[in-house]
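S.K.: Pasting a structure here, questions to come.
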Amino acid sequence: MTRRIDQPSEDPLRESPSGSTVSRVSRRTPVREAEALRGVPIAHALEDYRLACTSRAIDDREMALQKQSRVFFQIAGAGHEALLLALARHLRPGYDWFFPYYRDLALVLALGVTPEEVLLQAVGSALDPASGGRQMPSHWGDPDLHIVTQSSPTGSQCLPAVGCAEATRYVSRRPDLPGCHAHGDELTYVSLGEGATSEGEFWESLNTACTLHLPVLYVVADNGYAISVPAVDQAPAPISELVRGFRGLRTYRVDARDYFAAHQTAAHAVAHVRAGTGPALIHATVTRPYSHSAADTQAKYRSPEELADEAAHDPIRLLRTALVEAGALSEEDADRIQAEARQRVADAAKAAMAAPQPDPATALDHVVALPPRPVPPEPPAAAPGADEDREPPLALGAAITRALHEVMARDERIRVFGEDVADARQDLLDDVEGKGGVFGTTQGLQRRFGLARCFNTPLAEANIIGRAVGQAIRGLRPAPEIQFFDYIWPAMQQLRSEAATVRWRSNGRFTCPMVVRVPIGGYLTGGAIWHSQCGESIFTHVPGLLVAFPSRARDAVGLLRYAFECEDPVLFLEHKHLLRQAYTKDPYPDEGWVLPFGHGVVRRPGSDATIVTWGATVQKSVEAADQIEAAGGGSVEVVDLRTLAPWDQQLVAERVAATSRVLIVHEDVRTSGFGAEIAAWITEACFEDLDAPVRRVGALDCHVAYSPVLERAILPQVDDIADAARALLAY
Ligand SMILES: Cc1ncc(C[n+]2csc(CCOP(=O)(O)OP(=O)(O)O)c2C)c(N)n1
Ligand SMILES: [Mg+2]
């Protein structure tokens, strides 16, 4: 899409010719040195006064519309305008990258978002360019301006911002990467409130921004409150003091109620970050003249004196006074600019209210988009040709390692990172074997592709996934590893609220392609509660995530190849117990053998009943079926779903129609396990075909124990599956 950039008006006080929407403000109004006030060209200050009035007028209009139920939520940018407009003077839309906060209305206006676009989101219109009516007001997003689609969790934007800055460095050194572009001196802007600095993700992001000297500009807009919680209840000291131990972080403190002071600080901070010497943090005092949001009444917890003091230091008021006192603006012109701003916003609101609401039929658009791929025929069990000429077959873990080597050699956008995934310190590589992950799955990737493509991260799971999100948004294909499924939870916010929602929340304008590899599962004898969990159903419950769970080598390779073709986040579950099992071994499949998601397979034929399963219970189900058949108890088939999001409903329906009896087996706990979903679906879609109730076998509803005796009792065993299958056959 080509964006309209209006020409600057010669007279910054003149009405914009663009009708109901305000012109994009040019960053290049020519002024002479002599026309500066406290170092800021008068023309810029006047333009920013106009924009500040527009920003405040949008707040006021939205609040009025909210009272009329034409807008359904409101959160204001009031009090933050001077800071944001001063910053915007030094930042470059469509060049730098932006991870703004919900109070950054004035910033996005200065970058080029129009009041009409803002109001289209407020009224929830289908034409809202940031989200198509899916997100609350003030959740910005504009790919052309590099304003990255925003989510609501406070602080979660910081880690993707760091990933974005990493992409700047990686891509600018590799200008030919398909679909990626970067400028060597671009920076990543991320802002948050003083309250949000209490979030761990903020601190995890600072860690990496400083360790890697990344071009990130942090802006903490300190209005003294997080809803009703005063800053003194958040932390033991102001944020600019708290961050002092971060080596390499340039910190600035400014009273950003004063536009001119903010301007000066912004100039220094931006120049510092743009020079490439490392991150900076601006701690800025701002005001919050309006309540936190339309749902809040700040008079309940703030004194009249405090509010009066804020009103007296309102940044727009201070800017106006400064311009008037300098003789740059008359009171009449100031009033006129304010009135014009209100009128423009009123016109924009009228246009937004006339715009169409979303079609309910589009609710499911942009959850995920699977690349079309034909389902390849299953490779022959034994490949033709003389056996001695063939490579030895590989077990699941070795096949995944080889597949990672293969895809990384083909696609330089892929980067593997996580805890322990690298081989060793670069200077030791000639002398040591290399670690390559606690399961050895990533061994040799650093050695072959270099540290830029396979590297260790801090021991911080949100950091790992959040940085992947930022890189994915920039067009890279990050492949983060979570060391054990049991430790994925610190990353849950980044997986669920960031990665999985990017496509939907931006109405398809941003995507988040990444392959998150996660060793999972038990049957380890001694793994205990924090090295043996499953829990895949928690992730199949998240719209926007794809979930693969292979049980043998060739499927893992085919699925991994497909995962890297996807434009959506994939959770790629690698069962720890299967990594080295002989029964997972396959010849490494030809490069063209790509297995699209959502296609199961009949792993063992049978005619009397169907077991539907995946992961480690596939083999156990096959053994149970063999046991039953050997004893003359009946013929049981085993279906391996291979992926759970999406899962192969068609195959299951076909097999239910053929055998009329279904047993679902999984290693995860039984209650609310994914088997519950499949069972419910079968009773809805295949009820007429059933001759028996759908049965389930899963782990006991407790955690996995250390004692082998307990572990055996808790996780489903071959005998448990065989017993359930016999009962099903006997029904
Ligand atoms: C992770 C998370 N917890 C809670 C909330 C609810 N919430 C929204 S804004 C907010 C206060 C944020 O305060 P601050 O960061 O100081 O920003 P301000 O609103 O003052 O600009 C809270 C608690 C949220 N959006 N995300
Ligand atoms: Mg605050």
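The values are calculated or read from the model by the stated rules, or taken from the named source; none is laboratory data. In this text the structure is predicted, and so the values were computed from the model without any measurement. As a convention, Cβ positions derive from the backbone with ideal geometry for all residues, glycine included, and neighbour counts pool all protein chains shown.
S.K.: If residue 226 satisfies every condition in (1) aliphatic (A, V, I, L, M); (2) within 16 Å of ligand 1 (Cβ to nearest atom); (3) crowded, with 21+ Cβ neighbours inside 10 Å but one, which is the exception?
M.R.: (3)
S.K.: Name every residue in segment 173-196 that is away from ligand 2 (no atom under 16 Å from the Cβ) and acidic (Asp, Glu), in order of residue number.
M.R.: Of the residues in segment 173-196, the ones away from ligand 2 (no atom under 16 Å from the Cβ) are 173-189.
Passing the criteria: 176, 185, 186.
S.K.: Would you call residue 156 out of contact with any strand residue (DSSP E or B) (no Cβ under 6 Å at 6 or more places or on another chain), polar (S, T, N, Q) and crowded, with 21+ Cβ neighbours inside 10 Å?
M.R.: Working: out of contact with any strand residue (DSSP E or B) (no Cβ under 6 Å at 6 or more places or on another chain): yes; polar (S, T, N, Q): yes; crowded, with 21+ Cβ neighbours inside 10 Å: yes.
Here the answer is yes, as residue 156 does meet what is asked.
S.K.: Something else about it: Which number in (1) over 25 Å from residue 715 (Cβ atoms); (2) without any contact (Cβ under 8 Å) to a residue 60 or more places away in the chain; (3) not charged (D, E, K, R) marks the one condition that residue 665 misses?
M.R.: It fails just one condition, (1).
S.K.: Here is a further query. Could you please let me know if residue 214 is farther than 30 Å from residue 290 by Cβ, in contact with a Gly (Cβ under 8 Å, 6 or more places away or on another chain), modelled with pLDDT of 95 or more and assigned by TED's automatic domain parsing to the domain that holds residue 79? Walk me through how you get there before you give the answer.
M.R.: Numbers: farther than 30 Å from residue 290 by Cβ: yes; in contact with a Gly (Cβ under 8 Å, 6 or more places away or on another chain): yes; modelled with pLDDT of 95 or more: yes; assigned by TED's automatic domain parsing to the domain that holds residue 79: yes.
Criteria met by residue 214.
S.K.: Additional query: State whether the residues of segment 244-260 include one that is assigned by TED's automatic domain parsing to the domain that holds residue 89 and within 15 Å of ligand 2 (Cβ to nearest atom). Give the steps one after another, and end with the answer.
M.R.: Of all residues in segment 244-260, those assigned by TED's automatic domain parsing to the domain that holds residue 89 come to 244-260.
From the residues that got through so far, the ones that are within 15 Å of ligand 2 (Cβ to nearest atom) too are 256-257.
Yes, the conditions are met somewhere in segment 244-260.
S.K.: Something else now. Could you check, for segment 240-249, whether at least one of its residues is near ligand 1 (Cβ under 10 Å from one of its atoms) and of a type in the set (Phe, Trp, Tyr)? Show your work before the answer.
M.R.: First pass over segment 240-249, keeping only residues near ligand 1 (Cβ under 10 Å from one of its atoms): none.
No, segment 240-249 contains no residue that is near ligand 1 (Cβ under 10 Å from one of its atoms) and of a type in the set (Phe, Trp, Tyr).
S.K.: Still on this structure: Give the residue, chosen from 617, 659, that is more than 30 Å from residue 544 (Cα to Cα), in contact (Cβ under 8 Å) with a residue 40 or more places away in the chain and among the β-branched types (Val, Ile, Thr).
M.R.: Values: 617 fails: more than 30 Å from residue 544 (Cα to Cα).
Every option except 659 fails the conditions.
S.K.: Here's something else I'd like to know. What pairs come up if the first residue lies in segment 280-293 and is assigned by TED's automatic domain parsing to the domain that holds residue 190 and polar (S, T, N, Q), the second is near ligand 2 (Cβ under 10 Å from one of its atoms) and not in a loop (DSSP other than H, G, I, E, B), and their beta carbons are under 9 Å apart, counting only those six or more places apart or on different chains?
M.R.: Note: pairs meeting the criteria are 285/221; 285/222.
S.K.: Looking at (1) on the phi > 0 side of the Ramachandran plot; (2) at pLDDT 95 or above, which is the only condition residue 385 fails?
M.R.: So the condition that residue 385 fails would be (2).
S.K.: Take the residues of segment 95-123 that are without any contact (Cβ under 8 Å) to a residue 60 or more places away in the chain and within 23 Å of residue 262 (Cα to Cα): which is surrounded by the most Cβ atoms within 10 Å (Cβ to Cβ)?
M.R.: The residue in question is 105.
S.K.: Just checking, does segment 256-272 include any residue being more than 16 Å from ligand 1 (Cβ to nearest atom), farther than 27 Å from residue 56 by Cβ, surrounded by fewer than 19 Cβ atoms within 10 Å (Cβ to Cβ) and modelled with pLDDT under 95?
M.R.: Scanning segment 256-272, I find no residue that is more than 16 Å from ligand 1 (Cβ to nearest atom), farther than 27 Å from residue 56 by Cβ, surrounded by fewer than 19 Cβ atoms within 10 Å (Cβ to Cβ) and modelled with pLDDT under 95, so the answer is no.
S.K.: So is residue 231 in contact (Cβ under 8 Å) with a residue 12 or more places away in the chain, hydrophobic (A, V, I, L, M, F, W, C), buried (at least 16 other Cβ atoms within 10 Å of the Cβ) and more than 16 Å from ligand 2 (Cβ to nearest atom) or not?
M.R.: Values: in contact (Cβ under 8 Å) with a residue 12 or more places away in the chain: yes; hydrophobic (A, V, I, L, M, F, W, C): yes; buried (at least 16 other Cβ atoms within 10 Å of the Cβ): yes; more than 16 Å from ligand 2 (Cβ to nearest atom): no.
When the stated conditions are applied, residue 231 does not pass them.
S.K.: State all residues of segment 234-243 that are in contact (Cβ under 8 Å) with a residue 24 or more places away in the chain and within 16 Å of ligand 2 (Cβ to nearest atom); if no residue qualifies, say none.
M.R.: Initially, segment 234-243 is screened for residues in contact (Cβ under 8 Å) with a residue 24 or more places away in the chain, giving 234-235, 238-240, 242-243.
Of everything in segment 234-243, those that are in contact (Cβ under 8 Å) with a residue 24 or more places away in the chain and within 16 Å of ligand 2 (Cβ to nearest atom) turn out to be 234, 235, 238, 239, 240, 242.
S.K.: Filter segment 282-303 down to residues that are over 29 Å from the mean Cα position of the chain (by Cα), away from ligand 2 (no atom under 15 Å from the Cβ) and not hydroxyl-bearing (Ser, Thr, Tyr), then give me how many there are.
M.R.: 2
S.K.: Kindly establish whether residue 208 is away from ligand 2 (no atom under 16 Å from the Cβ) and touching a Cys at 6+ places or on another chain (Cβ under 6 Å).
M.R.: Values: away from ligand 2 (no atom under 16 Å from the Cβ): yes; touching a Cys at 6+ places or on another chain (Cβ under 6 Å): no.
Answer is no for this residue.
S.K.: Something else about it: In segment 516-532, which residues are modelled with pLDDT under 95 and among the polar types (S, T, N, Q)?
M.R.: Across segment 516-532, the qualifying residue is only 525.
S.K.: I've got another one for you. What is the one condition in (1) in contact with a His (Cβ under 8 Å, 6 or more places away or on another chain); (2) outside any helix (DSSP H, G or I); (3) among the hydrophobic types (A, V, I, L, M, F, W, C) that residue 270 does not satisfy?
M.R.: With (1) in contact with a His (Cβ under 8 Å, 6 or more places away or on another chain); (2) outside any helix (DSSP H, G or I); (3) among the hydrophobic types (A, V, I, L, M, F, W, C) applied to residue 270, the lone miss is (2).
S.K.: Let me ask another. If we keep just the residues of segment 187-214 that are surrounded by fewer than 22 Cβ atoms within 10 Å (Cβ to Cβ) and either within 17 Å of residue 170 (Cβ to Cβ) or among the acidic types (Asp, Glu) (or both), which is nearest to ligand 1 (Cβ to nearest atom)?
M.R.: Looking at residues that are surrounded by fewer than 22 Cβ atoms within 10 Å (Cβ to Cβ) and either within 17 Å of residue 170 (Cβ to Cβ) or among the acidic types (Asp, Glu) (or both), I get 199.
S.K.: Among the residues of segment 635-660, write down those that are in a loop (DSSP other than H, G, I, E, B), touching a Gly at 6+ places or on another chain (Cβ under 9 Å) and of a type outside the set (Phe, Trp, Tyr). Walk me through how you get there before you give the answer.
M.R.: Pass one, segment 635-660, residues in a loop (DSSP other than H, G, I, E, B): 635, 641-642, 646-648, 660.
With the extra rule that they be touching a Gly at 6+ places or on another chain (Cβ under 9 Å), the set shrinks to 635, 641-642, 646-648.
Matches in segment 635-660: 635, 641, 642, 646, 648.
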